[in-house]
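These notes are about the structure you will find just below.
Only the coordinates and a few stated rules stand behind these numbers; no lab work does. Keep in mind it's a predicted model, so treat the numbers as computed, not measured. Quick reminder, even Gly has a Cβ in these numbers, built from the backbone with ideal geometry, and neighbours come from all protein chains shown.
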Amino acid sequence: MTQRLLLLDTASLYFRAYFGSPEILAPDGTNVNAVRGLLGYISQLVEQYEPTHLACCWDDDWRPQWRVDLIPTYKAHRVVTEVAGAPDVEEVPDPLELQVPIIRDVLAAFGIAVVGAPGYEADDVIGTLATGAGMPVDVVTGDRDLFQLVDDEAAVRVLYVGRGVGRHERVDETWVLDKYGVRADQYADFATLRGDASDGLPGVKGVGEKTAASMLQKYGDLDGIRAAAEDPASDLGPGPRLKLKDAAPYLDVAPTVVAVARDIDLPREHLALPATPADPDALADLVERWSLSSPVERLTGILARAEG
């Protein structure tokens, strides 16, 4: 069997399941729609793409302090509580927050790898596991920032779920170029220039997607663009030149914030897709307590067929 690694941006998927599915109550009245939805997504993706390896990548720190130190507005609008000396608390609806430990318990009972790293986001875990994986990699996410990982030569692509898991798009280098007018290896610089309100990244004021793309097409990368802005002899127009100079403090630090880490020290030996649940008794208890028989039976069957 050809080896293939499936990397899940787990929070992206369980948030999508929570907001996109009707409330489903366990016997004690707990809403479990995100649990059931995530299991359904995993079943669908494993059945469709037949990975041999799978990791549910986790936000051990969804807003790392080292990124906040560089850009204080980074994800600031999502903070509900600031905790001195500890990760800030993200605004999460109570019915969803209650489901996250259940998700962890179910994944553990199945033996599906959950991978996080202190001080790093799931994006960074994905970037590290996708780099040098030694096999084709599919990254499942609703986060456009991860387009920077797309690499046809290394067989890394993104399964983008922006329109839903059932309508996901396969993002390769041609897709990125056609969509944004930049290469995948230019996407991080493109995102830096454009900014991203959802992440609290201001971008360069007055520079939108079209202007960012045209500058990258002409000057290659952010360093080339900034060099052109400082060079009186370059053909960069006076408007963009002034905007780039005004944004110099932001541009000095933003690339570090936007770039996905690719070199975290992470274990890789436990990512093989399980053929059978690691702890059948624990899984049975979770099924009964949280009314998960249908999604668990489906995933159990798909894992067994995948192994066969």
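Side notes on the structure shown:
- Packing, taken as the mean count of other beta carbons within 10 Å per residue, orders the peptides 268-278, 142-152 from highest to lowest as 142-152, 268-278.
- Using a Förster distance of 25 Å, the FRET efficiency for D263-A284 (Cβ separation, nearest 0.05): 0.05
- The chain, Rg to Rh (Cα coordinates; Rh as Kirkwood inverse mean 1/r): 1.01
- Rounded to the nearest 500, the helix-only mean residue ellipticity at 222 nm of the chain stands at -13500 deg cm²/dmol, with each DSSP H run of n ≥ 4 adding -39,500 (n - 2.57).
- Modelled spin labels at A197 and S294, positioned 7 Å past Cα toward Cβ, are 3.7 nm from each other.
- Note on R78 and K210: with the Förster distance fixed at 35 Å, the Cβ-Cβ geometry gives a FRET efficiency of about 0.80.
- FRET efficiency for the pair D185 and F19, taken as 1/(1 + (r/R0)^6) with r the Cβ-Cβ distance and R0 = 35 Å, rounds to 0.60.
- Peptides 230-237, 112-119, 72-79 ordered by packing proxy, namely the average of other Cβ atoms within 10 Å per residue, highest first: 112-119, 72-79, 230-237.
- Segment T174-A227, length gained on full extension (0.36 nm per residue, minus Cα span): 16.3 nm
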